[in-house]
Amino acid sequence: MADLLSATLDSAVDPATAKRYRVWLHALGYLTRDDGVDELTRKGRRLVVATDRLTSSGADRDAAPESGTESTAGSSPDAEPPPPAADRRMGTDVDRETLERDLRARYDDVCVLCGDRRQRGPEAGHAVVHYLMPPAPPHDGPVTPANALVVCPNHRADLDYGR
């Protein structure tokens, strides 16, 4: 655990700190320990996937070209084609759907207000994303994780009606 944290944080981590992280990850349900071996739970794997999506989205597109060469769309056989016109026209909707899906996965469909997880099926949960400042006019709030809450349907109704 200390080696993994050291590699992730780019600095040396003492065993006591690593143990505290492991205890928290276990308490939150992201990690199990069996015969001295730490393993991610299903919830932990979902968190890793959601975190990777949120932190790496656009990282490849924003990277500067290497070795002073200019990159243009279609200049190499591996280059991604430009998005279809529908995606360009509705870019905010696509980004909003991605953000909402990733946030629900990150929180495992658990309401941040009451801690309840509604069941949609044996393995699937149900939660909705509520924006503190609505993205629609006249408010035009940002579609960012800082403006969004994952909530159960009951709390979504309470927030919508100001209760």
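What follows is calculated from the coordinates using simple rules that are stated; it is not laboratory data. Only a predicted model underlies this, so the values are computations on that prediction, with no experimental measurement involved. Here the Cβ positions follow ideal geometry from the backbone for every residue, glycine too, while neighbour counts run over all protein chains shown.
Before moving on, here are some points about what is shown:
- Where labels lie 7 Å past Cα in the beta-carbon direction, separation of ARG20 and LEU159 in nm: 3.1
- With neighbours defined as other Cβ atoms within 10 Å of a residue's Cβ, the residues ASP160, ASP95 order from fewest to most as ASP160, ASP95.
- Ranking of THR144, THR41 by count of other Cβ atoms within 10 Å, fewest first: THR144, THR41
- Panel order for GLU97, GLU123, by other beta carbons found within 10 Å of each beta carbon, from fewest to most: GLU123, GLU97.
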